[in-house]
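Below is one structure, written out as structure tokens; the observations come after it.
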Amino acid sequence: MLSIFIIWLYIAFSSFSYGVLWLEVLFRTNYIKNKILVPIEIILVAGCGVLSIIVSILHLFLPISVTIQSILLVGSLCILWFCKDALALILRAHKDVAGYTLYYWVLLFIFLLLILIHAAQPVIAPDTGLYHAQTIQWLTKYKIVPGLGNLFGPLALNSHAHVLMSFFSFSFFKVKTFPQAWTSLYSYYTAHMRCAQV
């Protein structure tokens, strides 16, 4: 579970930095007027969307491996450096947690433990063996393969969830990966938002 938690921290860091970039773009183009009103969870989810688009474009030329990880990690650090004023403003606005009760923190901690336990379990979705795991393997080992769907139809399904799962699988470490770590983190984001409304 510790490795899943470390993966969550990396996912949150990457998602947050690219979410800050997206927020900055929306603010500069006047689509939003006040960036401090955007919840952290929305920034994280938007950042994953931006990441999936960037990874998909890079995947045209490279397999989703350590090279793409390195490029996007450097990008995350650059974004946080160049958007440090926006970052400071967002963090200052969300720093005040005094309004949350002990009930909130206990409930959130219980959700965190339950979701961590769920993420450590083997995947039981029937489609995982059929094409999910195969698609992730193709994405991590090869760049875009024209005609892959001719070998097996479901491999041609273009889900950005598969792109993000392969990006966050860390297959280049040659250790057991946790494809549920990414999706279970969204359950935690949802739980955090729901607990904040209680």
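Selection of the range 136-159 for residues being surrounded by 11 or more Cβ atoms within 10 Å (Cβ to Cβ) and either assigned to a loop (DSSP other than H, G, I, E, B) or under 18 Å from the mean Cα position of the chain (by Cα) (or both) yields 136, 139, 140, 142, 143, 144, 145, 152, 157, 159. Kindly indicate whether any position in the range 93-110 is assigned to a helix (DSSP H, G or I), at pLDDT 75 or above, within 22 Å of the chain's Cα centre (by Cα) and not hydrophobic (A, V, I, L, M, F, W, C). Checked against the condition, which is being assigned to a helix (DSSP H, G or I), at pLDDT 75 or above, within 22 Å of the chain's Cα centre (by Cα) and not hydrophobic (A, V, I, L, M, F, W, C), the range 93-110 yields no hits at all. Here residue 141 clears all of (1) modelled with pLDDT of 70 or more; (2) of a type in the set (Lys, Arg); (3) more than 26 Å from residue 50 (Cβ to Cβ) except the condition numbered (3). Pairing each residue of the range 139-160 that is among the hydroxyl-bearing types (Ser, Thr, Tyr) with any residue that is in a helix (DSSP H, G or I), provided the two are 6+ apart or on different chains, yields C-beta distances under 8 Å for 140/166; 140/171; 140/172; 159/135. Candidates 76, 52, 65, 70: the one that is farther than 30 Å from residue 33 by Cα, small (Gly, Ala, Ser), surrounded by 11 or more Cβ atoms within 10 Å (Cβ to Cβ) and at pLDDT 80 or above is 65. Within the range 5-52, being part of a loop (DSSP other than H, G, I, E, B) and among the polar types (S, T, N, Q) holds for 29, 30, 34.
The values are calculated or read from the model by the stated rules, or taken from the named source; none is laboratory data. Note that the coordinates shown come from a computational prediction; the quantities given were computed from them, not determined experimentally. Please note: Cβ atoms are built from the backbone with ideal geometry, for glycine as well, and neighbour counts cover all protein chains shown.
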